[in-house]
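Asks: For reference, the structure I am asking about is given below.
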Amino acid sequence: MSPRFIQHVGLTIADTRQGTSVLTLRVEPHHLNGNGVVHGGALFTLADTAMGSALMSALPATERCATVDARITYLRAVRQGTVVCTAQLIHREADVAHLEAVMVVEGVEVARATGVFAVMGSVGALE
């Protein structure tokens, strides 16, 4: 996970523990699409990064991960505020992990995502 990319998008890692993470995105004008709502890609990036962070927190230092498949369901339009994304590792078996993420604004669920991640034994496997 690239800290520079996280900073560029405006994500903040609020908490990361064994198999869980909480990331936030404070909505800024550059996150809005032409309809004045947060671009779906910004929310997808938040969810994917949160799920990756949750998984990385559960892996030993010798392992890395990469997204294989991710799906998102947008439930409500977001125009302002701070999106809080909580992700958790649901199941890991050998070289595959399944994760879920829920995004809320002021306690109201706005999106939900699931992801399947490959788990690899070295950084070189990602290249």
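Asks: Is there a residue being open to solvent by 80 Å² or more (accessible area, probe 1.4 Å) and of a type in the set (D, E) anywhere in segment 82-99?
Replies: The answer is yes, given that some residue of segment 82-99 is open to solvent by 80 Å² or more (accessible area, probe 1.4 Å) and of a type in the set (D, E).
Asks: Now a separate question. Restricting the search to segment 71-81, which residues are farther than 23 Å from F117 by Cα and open to solvent by 80 Å² or more (accessible area, probe 1.4 Å)?
Replies: Those that are farther than 23 Å from F117 by Cα and open to solvent by 80 Å² or more (accessible area, probe 1.4 Å): L75, R76, R79, Q80.
Asks: Taking into account only those residues within segment 3-21 that are open to solvent by 40 Å² or more (accessible area, probe 1.4 Å) and not in a helix (DSSP H, G or I), which is modelled with the highest pLDDT?
Replies: Filtering first and then ranking leaves T20.
Asks: What are the residues in segment 22-39 that are surrounded by 11 or more Cβ atoms within 10 Å (Cβ to Cβ) and either aliphatic (A, V, I, L, M) or closer than 14 Å to V9 by Cβ (or both), if any?
Replies: Within segment 22-39, V22, L23, T24, L25, R26, V27, E28, H31, L32, V37, V38, H39 meet the criteria.
Asks: Report, by residue number, each residue of segment 95-112 that is within 30 Å of P60 (Cβ to Cβ) and charged (D, E, K, R).
Replies: Residues satisfying the conditions are D95, E100, R112.
Asks: Okay, moving on. What are the residues in segment 96-127 that are of a type in the set (D, E) and at pLDDT 95 or above, if any?
Replies: E100, E106, E109
The values are calculated or read from the model by the stated rules, or taken from the named source; none is laboratory data. This structure is a prediction, so every number in the text was calculated from the model and none was measured. Heads up, the Cβs are rebuilt from the backbone with ideal geometry, glycines too, and the neighbour counts pull from every protein chain shown. Ligands, DNA and RNA are stripped out before the accessible areas are found, and what is left, the full protein with its side chains, is counted by its heavy atoms. Shrake-Rupley method; radii C 1.70, N 1.55, O 1.52, S 1.80 Å.
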